[in-house]
There are 2 protein chains.
Amino acid sequence: MCMEKNILLTIAYDGADFSGWQRQPDKPTVQGHLESTLSSLFKKEIILNGTSRTDAGVHALGARASFKAELGLPTEKIPMVVNNALCGREKGPFAIAPIRILDAAEMPMDFHARFDCKGKKYIYKISNTKEVDVFSRNYVYHVDRPLDVEAMKQCAMILKGTHDFKSFESSGGNPRETTVRTIFDIEVTGTTGGQIEISVSGDGFLYNMVRIITGTLVDMGHGKIAPEDMMNIIKAEDRTKAGHTAPPYGLYLAEVYYDDFERR
Amino acid sequence: MCMEKNILLTIAYDGADFSGWQRQPDKPTVQGHLESTLSSLFKKEIILNGTSRTDAGVHALGARASFKAELGLPTEKIPMVVNNALCGREKGPFAIAPIRILDAAEMPMDFHARFDCKGKKYIYKISNTKEVDVFSRNYVYHVDRPLDVEAMKQCAMILKGTHDFKSFESSGGNPRETTVRTIFDIEVTGTTGGQIEISVSGDGFLYNMVRIITGTLVDMGHGKIAPEDMMNIIKAEDRTKAGHTAPPYGLYLAEVYYDDFERR
C-alpha cells in the first residue's frame, strides 16, 4: 500500500525568465511551473508550500518547498524523475531547465516548510568592473564606479544582531507583527574593481531587505552615505534614510535553515 | 556641413533572448533591435549590413556590422550614445542591455562589412561537469559524461588547413559556389571534467559548421567516433558521417577579420 509522504525539496532556479516564485495566473512563475510539472508527473494536483516568495528576476541556490502526496516511488528517486520532466527540451535535445531539484527528503507529516523555517541565507552578487559584460546582465548587479569595499565591510558589521529593520523594508510587503529581525551573520567579500559578494543570514527578512541593505552598502562604498550613519539609519526606522534598492537579478536565496545548528 | 559616413560597429550580444541576428517580422532579433534603436536615435531609417547571421541563441563577443548615414556626432561618441539608447531600462534603472556596441570606426565609403570580410573566429564553450548549473544553461553546452580532451585536441588538428567541409554543413543554408573552406587555426583548451573551449578561425564557415565540428569532437571525446576516422569524415563529403550538431547556446562569434594580418 502506498502511504502519503511529506516531501521537502531543495531547489535551484534561474529567476531570469520567471515572474518570481509565487503562482500567478498567466505569468511564468517558479511555483506555477514546478506545480504543473509535478502534477502531470504524479497524475494528481500537487500544491507546493514554499519557504520564500522571491521576486521576479531573483535566483535560488537552495530554495525549499514541501508537498504531501502518495508517490509510489522512493524519495531518493524524486530529484532525477522531476529533473527529467523539467528538462526544458523545448530549447533542443541538450537543453538545461531553469529549475533543478537538488534534493528530496521525507519529513514528519506535521512539518511545514515555511512555519518551521528557522532562518535563511542570501547572497548578493555585484560586478564592480568598468567593462559591461552582456552575458552576466541577469546574474549580477553591475556597478561601474569603484566601490570602497573596506568601508562596506565595516558598515555591514553594524547590521549584525537584533534590530528593528523598518528602514530596510519596502512598502508593499505583507502586514507583519514586528519589523524586528536578527541578522546572524553578514559578510562582504571581494575587491574594488572586481566581483563582490554580500552574504547575509538571519532569522527572517523584511520585504526587499537584502536589496536595500545592498543598495545602502553600495551608496556607502561610493561615499554618498557616511559609514557612521549606519546606526542612525537603523534607529530612524524610516525607509527614506537608507540607500537605494539594489536590482533583483543580483540576489540569490542561498540556504534555508530548519535547525538552529545549521545557521551560519 | 554634415557628410555621410560609413560606420563599422563592433558588437557584443547575448543571443539568449533573440531569434538570431537577421531581421524578421514579429520576432526579436539583434539586427531588428539595433536597427530600430539606431533609426529612432538618428531620426532616419538605418539599415545594418552585418557580417554574420548567427542563429537563435548564438552569442557574439565581437560581431561586426556597418551602416551609412549622416550622423552629426563624432564617430568615437557613437558607442556611448547608442549604448545609452540600448540600455534596456525596461528591466529597471540599473539594467544592462543584451546588445552592446564595443567600438565604432569610420571606414572608406566602398567598404562592405560582409564582402570585405577576410575571416572569422568562433569560440564554442562546453561545461564537462557532472553537476548541472542552471545559471549557465544559456551560455555553455553542458556535457556530463567525461570527455577525453587529449583525443579531441588531436582530432581537431586534422581539420586545420584547406578542405571540402561538406560533411560539416547542415542543410538549409544559402546556396554556395563551393564547400571548400580554410581553417587557419583550431585549438581545444581545458580539462576533462572542467570547462572546455574550442576556438576556430577560418576564411569562412558553412551553415552550422562550428556546431557540427564541436559535436563531432564531443562524439570523439566520448569514444563514439574513432580519432582516425576524422580524415575519412572529411573525405566522405557526407553530413551523415560526421557527429551530432552541438546546441547553439555554446557558440560565440568572437572576431571578424578584415585584414589578412589580423588572422590568428
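Looking for something aromatic (Phe, Trp, Tyr), open to solvent by less than 40 Å² (accessible area, probe 1.4 Å), in contact with a Gly (Cβ under 9 Å, 6 or more places away or on another chain) and touching a residue at least 24 places away in the same chain (Cβ under 8 Å) - is there at least one such residue anywhere in region A:202-210?
Within region A:202-210, the subset aromatic (Phe, Trp, Tyr) is A:205, A:207.
Cutting the leftovers down to open to solvent by less than 40 Å² (accessible area, probe 1.4 Å) gives us A:205.
After this cut, where a residue has to be in contact with a Gly (Cβ under 9 Å, 6 or more places away or on another chain) as well, the list is none.
No.
Filter region A:153-183 down to the residues that are open to solvent by 70 Å² or more (accessible area, probe 1.4 Å), modelled with pLDDT of 95 or more and not in a helix (DSSP H, G or I) and list them by number.
A:Lys160, A:Thr162
Can you confirm whether region A:217-234 contains a residue that is of a type in the set (A, V, I, L, M, F, W, C), in contact (Cβ under 8 Å) with a residue 24 or more places away in the chain and loosely packed, with under 15 Cβ neighbours inside 10 Å?
Yes, there is a match, as at least one residue in region A:217-234 is of a type in the set (A, V, I, L, M, F, W, C), in contact (Cβ under 8 Å) with a residue 24 or more places away in the chain and loosely packed, with under 15 Cβ neighbours inside 10 Å.
Can you tell me how many residues in region B:109-128 are over 30 Å from B:Ser66 (Cβ atoms) and within 11 Å of chain A (Cβ to nearest Cβ)?
Here the count works out to 2.
Could you please find all residues in region A:226-247 being more than 17 Å from the chain's Cα centre (by Cα) and either assigned to a loop (DSSP other than H, G, I, E, B) or within 14 Å of another protein chain (Cβ to nearest Cβ) (or both)?
A:Ala226, A:Glu237, A:Asp238, A:Ala242, A:Gly243, A:His244
Looking at B:Glu90, B:Glu70, B:Glu150, B:Glu131, which one is more than 23 Å from B:Asp185 (Cβ to Cβ) and either at pLDDT 95 or above or away from chain A (no Cβ under 14 Å) (or both)?
That would be B:Glu70, the only listed residue that is more than 23 Å from B:Asp185 (Cβ to Cβ) and either at pLDDT 95 or above or away from chain A (no Cβ under 14 Å) (or both).
Across region A:164-180, what is the total count of residues that are within 15 Å of A:Ile233 (Cβ to Cβ) and in contact with a strand residue (DSSP E or B) (Cβ under 7 Å, 6 or more places away or on another chain)?
Residues meeting the conditions: 3.
In the set B:Gly250, B:Gly223, which member is within 14 Å of another protein chain (Cβ to nearest Cβ), over 22 Å from B:Phe115 (Cβ atoms) and not hydrophobic (A, V, I, L, M, F, W, C)?
None of the others qualify; the one that does is B:Gly250.
Taking region A:134-147 as the search range and keeping residues that are open to solvent by 60 Å² or more (accessible area, probe 1.4 Å) and within 14 Å of chain B (Cβ to nearest Cβ), which one is farthest from A:Lys68 (Cα to Cα)? Steps first, please.
Kept after step one, since they are open to solvent by 60 Å² or more (accessible area, probe 1.4 Å), are these residues of region A:134-147: A:144-146.
So of that shortlist, the ones also within 14 Å of chain B (Cβ to nearest Cβ) come out as A:144-145.
Numbers: A:Asp144: 47, A:Arg145: 49 Å.
Among those residues, the one meeting the criterion is A:Arg145.
Using the structure shown, decide if B:Glu197 is at pLDDT 95 or above and either open to solvent by 60 Å² or more (accessible area, probe 1.4 Å) or charged (D, E, K, R) (or both).
Values: at pLDDT 95 or above: yes; either open to solvent by 60 Å² or more (accessible area, probe 1.4 Å) or charged (D, E, K, R) (or both): yes.
For B:Glu197, the condition - at pLDDT 95 or above and either open to solvent by 60 Å² or more (accessible area, probe 1.4 Å) or charged (D, E, K, R) (or both) - is met.
Please find, among B:Pro98, B:Pro28, the residue that is open to solvent by 10 Å² or more (accessible area, probe 1.4 Å), in contact (Cβ under 8 Å) with a residue 12 or more places away in the chain and in contact with a Phe, Trp or Tyr (Cβ under 9 Å, 6 or more places away or on another chain).
Exactly one residue qualifies, and that residue is B:Pro98.
Consider B:Lys118 carefully, then state whether it is surrounded by fewer than 17 Cβ atoms within 10 Å (Cβ to Cβ) and touching a strand residue (DSSP E or B) at 6+ places or on another chain (Cβ under 7 Å).
yes
Test A:Ala104 against the criterion of being within 23 Å of A:Ile233 (Cα to Cα), away from chain B (no Cβ under 14 Å) and of a type in the set (Gly, Ala, Ser), and give yes or no. First the steps, then the outcome.
On the way: within 23 Å of A:Ile233 (Cα to Cα): no; away from chain B (no Cβ under 14 Å): yes; of a type in the set (Gly, Ala, Ser): yes.
Taking the combined requirement at face value, the residue does not satisfy it.
Could you grab me the full set of residues in region B:192-214 that are of a type in the set (Val, Ile, Thr) and not in a strand (DSSP E or B)?
B:Thr192, B:Val210, B:Ile212, B:Ile213, B:Thr214
Can you find a residue in region B:64-71 that is under 19 Å from A:Phe135 (Cα atoms) and within 19 Å of the chain's Cα centre (by Cα)? Break it down into steps so the answer makes sense when it comes.
Going through region B:64-71, the residues under 19 Å from A:Phe135 (Cα atoms) turn out to be B:64.
Subsequent filtering for residues that are within 19 Å of the chain's Cα centre (by Cα) retains B:64.
Yes, the conditions are met somewhere in region B:64-71.
Looking only at region A:31-62, which residues are within 14 Å of the chain's Cα centre (by Cα) and open to solvent by 20 Å² or more (accessible area, probe 1.4 Å)?
Result: A:Arg53, A:Asp55, A:Ala56, A:Leu61.
Could you check how many residues of region A:29-65 are within 16 Å of A:Lys120 (Cα to Cα) and among the small types (Gly, Ala, Ser)?
Selection size over region A:29-65: 6.
Name the residues in region B:73-87 that are away from chain A (no Cβ under 14 Å), surrounded by fewer than 19 Cβ atoms within 10 Å (Cβ to Cβ) and over 21 Å from A:Asn138 (Cα atoms), would you?
B:Leu73, B:Pro74, B:Thr75, B:Glu76, B:Lys77, B:Val81
The values are calculated or read from the model by the stated rules, or taken from the named source; none is laboratory data. No experiment lies behind these values; they were computed from the predicted model shown. Note that each Cβ is placed from the backbone with ideal geometry, even for glycine, and that neighbours are counted across all protein chains shown. Accessible surface areas use protein heavy atoms only, side chains included; no ligands, DNA or RNA. Shrake-Rupley method; radii C 1.70, N 1.55, O 1.52, S 1.80 Å.
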